[in-house]
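Colleague: What follows is a single structure, and I will ask about it in a moment.
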Amino acid sequence: MTFDRNAPLPDGVVVGQAWGAGPTDHYTALAAPFRPIFRQIREQSIGRELERRLPAEEIGWLRDAGFTALRVPRDNGGRGIRLSELFELLIELSEADSNITQALRAHFGFVEHALDSPAARRERWLPRLARGDIIGAAWSETGEARQSQFATRLTRNANGWRLNGAKFYTTGSLFADWIHVGATDADDEQISVTVNRQSAGVDVIDDWDGMGQRLTASGTSRFNNVEVDEAEIVAGRAPFPYSEGFYQLVHLATLAGIGRALVNDAAAAIAARSRSYSHAASKRAADDPQLLQVVGRARAHAWTAGAIVTQAARALERAAGAVERPDALAIIAEAEVEIWQAQTVASQLILDASSSVFDALGASATLRSSGLDRYWRNARTIASHNPRIYKDRIVGDFAVNGTLPPGQWRIGVA
């Protein structure tokens, strides 16, 4: 069969966006109810950025549509989707606004924590998650915090368990109903507790002043003699066995979405441009082969980052399904190696793309009102989490010596 590429397409037939078909056959139907919300979020994204308006309302739209309960099993009132489908949807959400994906990162991690919990904890938390409760996180500490234990402590007095301490990078907690907190108990063991954000003594402060991801409210949370339900005390350093890979892959999905958004904006700007340089290769910017090459290469970077996330999500899906198997450690470690390999490459692809598009757009693209600077700032900020410079060494040690990746990473005084 031959095709005439100059002939019009039949009525009702459209060319897709060429970002990929999704991880499963029914993915398009799964994504369809959320795409109008994504479009609405994206339409207002520049305004939110310029006005520094936190996306509490937009997160509410997603919650009301069931987006925050995507991984909750159907029997418990959720959608019961696969991990690979979740990460594809997170790419689409990040294309709309990467701040919102990062703000919900801790929430989706807590869902995995609940899924991996004993029956009593599952029975307590899955209905809450299904009805739309959102969970934030408070783990990282600044200053003289030690790597081996948290300064935030859980103690017991005559009135029960109490939590005291301060955290930073508490992304999502300002938008949350509950906060999952890492702490040290009286035996100097690491534990985690979950407290109601409205409890007496909980203070979440919007003091995040990072150059990127400005709308994530990733600032300070303080806990002053906060009452803790004994049932919400969980022992262990990691919230769930595959948590290291999961949390990093959320970052990579966010970067892939940033790549799509910046390329779409750059392409639209060039298509609409009526002016060109006197020494350009074409009178019309949209016909200039050099500008088309810049956009095409950036789009290839964004597509590749998305494909990398999709492949890595399959590895994480295998790890999540193997936690009860005797070889679970090997499968989880392999997934982590795949994700660390993905991290160094995907991060660089989007950092390069978010810088290179300015070569095709010129000085007018640097105006704050265009909002294009946010893509590089956001990508650079996300890529600075969990430093990728160490990941190449970890992967190399695995390749050469068979050394398994280390466990949960911590920052602080050694």
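Just so it is clear, none of the values below were taken in a lab; they were calculated from the coordinates. Since the structure is predicted, the reported quantities are computational estimates derived from the model, not experimental observations. Neighbour counts are summed over all protein chains in view; Cβ atoms, including those assigned to glycine, are modelled from backbone coordinates with ideal geometry.
Colleague: Could you point to the residue in 347, 366, 243 farthest towards the positive end of the stretch 243-401's charge dipole, with +1 and -1 charges on the Cβ of Lys/Arg and Asp/Glu respectively?
Modeller: Of the options given, the answer is 366.
Colleague: Let me have the 222 nm mean residue ellipticity of the chain computed from DSSP H runs of 4+ only, each contributing -39500 (n - 2.57), with the sum over all residues rounded to the nearest 500.
Modeller: Mean residue ellipticity, 222 nm, calculated: -15500 deg cm²/dmol.
Colleague: Further question on the same structure: Out of residues 5 or more away from residue 197 or on other chains, whose amide H comes under 5 Å of its own, with H placed 1.01 Å from N in the peptide plane?
Modeller: Amide H neighbours of residue 197, under 5 Å, 5+ apart: 178, 179.
Colleague: Report the GluC sites (Glu not before Pro) located in the stretch 231-329 that are in a DSSP loop and have at most 11 other Cβ atoms inside 10 Å of their Cβ, or state none.
Modeller: 324
Colleague: Enumerate the calculated ³J(HN,Hα) couplings along the stretch 175-181 in order (Karplus 6.51 cos²θ - 1.76 cosθ + 1.60, θ = phi - 60°), each rounded to whole Hz, writing x wherever the residue is Gly or Pro.
Modeller: My calculation for the stretch 175-181 gives 9, 9, 8, 9, 10, 8, 10 Hz in order.
Colleague: Take every Cα-Cα pair in the chain and report what % of them are more than 37 Å apart.
Modeller: 25 percent
Colleague: Once you sort the root eigenvalues of the Cα gyration tensor of the stretch 5-76 as a ≥ b ≥ c, which label holds: rounded (a/c under 1.5), prolate (a/b larger than b/c) or oblate (the other case)?
Modeller: Numbers: a/c = 3.11, a/b = 1.32, b/c = 2.35.
In terms of gyration-tensor shape, oblate.
Colleague: Based only on other Cβ atoms within 10 Å, what is the fewest-to-most ordering of 146, 388?
Modeller: 146, 388
Colleague: Report the charge-dipole magnitude of the stretch 27-134 in Debye, nearest 20, computed about the Cα centre from +1 at each Lys and Arg Cβ and -1 at each Asp and Glu Cβ.
Modeller: The dipole of the stretch 27-134 has a size of about 320 debye.
Colleague: Once a ≥ b ≥ c are taken as the square roots of the eigenvalues of the Cα gyration tensor of the stretch 117-186, is the result rounded (a/c under 1.5), prolate (a/b larger than b/c) or oblate (a/b not larger than b/c)?
Modeller: Judged from the Cα gyration tensor, the stretch 117-186 comes out oblate (a/c at least 1.5, b/c at or above a/b).
Colleague: Separate question: Can you give the Rg and Dmax of the stretch 137-235 based on its C-alpha atoms, in angstrom?
Modeller: Rg then Dmax for the stretch 137-235, in Å: 13.1, 45.
Colleague: So for 291, 115, 329, 367, fewest C-beta neighbours within 10 Å to most, what's the order?
Modeller: 367, 329, 115, 291
Colleague: Using a Gaussian network model of the chain with C-alpha springs under 10 Å, which one of 197, 368, 48 is most mobile by mean-square fluctuation?
Modeller: Its mean-square fluctuation being the largest, the pick is 368.
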